[in-house]
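The values are calculated or read from the model by the stated rules, or taken from the named source; none is laboratory data. Please read these numbers as outputs of a predicted model, since none were measured by experiment. Cβ sites come from the backbone with ideal geometry, for glycine too, and all protein chains shown count toward neighbours.
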Amino acid sequence: MAKKKELSRGIRALLSNIEDKSPIPQTKEIVKELSSNIAEISLEDIEINPFQPRTEFDPEELMNLAKSIRTYGLIQPITVRSLGGNKFQLISGERRLRASKMAGLSAVPAYIRIADDQGMLEMALVENIQRAELNAVEVAISYQRLIDECSLTHEELSSRVGKNRSTITNYIRLLKLPPVIQAGVKKDQISMGHARALAGVDNVSLQLTYFHRTVEDKLSVRALEQLIRGGGSTSQGSSSSSSSSAGSSLPSEVVEIRDELSDQFGTKVEIKRDTKGKGQFVIKFSNDSDFNRILDILQED
């Protein structure tokens, strides 16, 4: 907690120094624009970055994203660099840009970077994250921008914003949720806790089913978690043995520990335990990258 306060004071001091010493009176406005200003830019005016390391994109994933964009719009803006006039060069978001073209869009929302603004952008984004009125998806987008555009590792980002790595990971995982669920977070239909629980579901179709059920029935986070553990069962009283073993057979303090571990690792954690206290932990991962991320957390601790 002390680190967070110290960091916040440091940011304010930096901003204060810029405002006091810079001969350019609009510096504060530039900082605000860097962190939150979004412009609609014609797709014809955006060129691909020739140094983009990623060159191959899964056609099926692009098609699915294009369908979502066609229905819900582009929720996470791309980032471009001004080339002068009305021309821009893509910095990040080529997958979103390609899918937007497939969806038939003529323009997309974009953050516009100015030349030599790296340090100012980082400072602006960190300051932006401290704003209380940001919703969870907006915080996640700011974290992702710091990682992509300022070349920060999760550990460096953790130090910059005064948050645990697991917290940052949980936020960034929200950007993998279907656009309709991200929109639900932005519209306050569901909370960060709901979104985090949905992010732990591997199947997109199930994610959407649980999301709509949560909104329609106004489920609490705990009720949603129980619904997910029970495989979507709505029965009361005599639940199935699998549902019972997944949740109710564990003591409440063990359930609490399991949930804390899920938050820490940013993935689903299961605790299997018999009446004598013997059992095992199961930490789930989705791919090699996710496996290495969890290993980093274990080794760090």
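Taking the criterion of being more than 10 Å from Thr267 (Cα to Cα) and over 19 Å from the mean Cα position of the chain (by Cα), the residues of region 277-291 that qualify are Gly277, Lys278, Gly279, Gln280, Phe281, Val282, Asp288. In contact with a Lys or Arg (Cβ under 9 Å, 6 or more places away or on another chain), at pLDDT 70 or above, more than 18 Å from Ile141 (Cα to Cα) and exposed (fewer than 13 other Cβ atoms within 10 Å of the Cβ), is that true of Gly84? Against the criterion (in contact with a Lys or Arg (Cβ under 9 Å, 6 or more places away or on another chain), at pLDDT 70 or above, more than 18 Å from Ile141 (Cα to Cα) and exposed (fewer than 13 other Cβ atoms within 10 Å of the Cβ)), Gly84 does not qualify. If you check Leu198, Leu261 for being surrounded by 16 or more Cβ atoms within 10 Å (Cβ to Cβ), at pLDDT 90 or above and closer than 24 Å to Asn135 by Cα, only one passes: Leu198. Checked against the criterion of being modelled with pLDDT of 80 or more and either surrounded by fewer than 20 Cβ atoms within 10 Å (Cβ to Cβ) or in a strand (DSSP E or B) (or both), the candidates Arg95, Arg131 yield just one match: Arg95.
Based on what the data block shows, is Leu125 outside the structural domain of Leu298 (by TED's automatic domain parsing), closer than 23 Å to Pro77 by Cβ, modelled with pLDDT under 90 and among the hydrophobic types (A, V, I, L, M, F, W, C)? For Leu125, the condition - outside the structural domain of Leu298 (by TED's automatic domain parsing), closer than 23 Å to Pro77 by Cβ, modelled with pLDDT under 90 and among the hydrophobic types (A, V, I, L, M, F, W, C) - is met.
A Cβ distance below 7 Å, combined with a sequence gap of six or more or placement on separate chains, defines the contacts here; from region 58-74, residues that are touching a residue at least 60 places away in the same chain (Cβ under 8 Å) and not assigned by TED's automatic domain parsing to the domain that holds Ile181 reach residues that are surrounded by 14 or more Cβ atoms within 10 Å (Cβ to Cβ) and polar (S, T, N, Q) in the pairs Ile69/Ser100. When region 134-182 is filtered for residues that are under 26 Å from Gln89 (Cβ atoms) and among the polar types (S, T, N, Q), the ones remaining, listed by number, are Ser142, Gln144, Ser151, Thr153.
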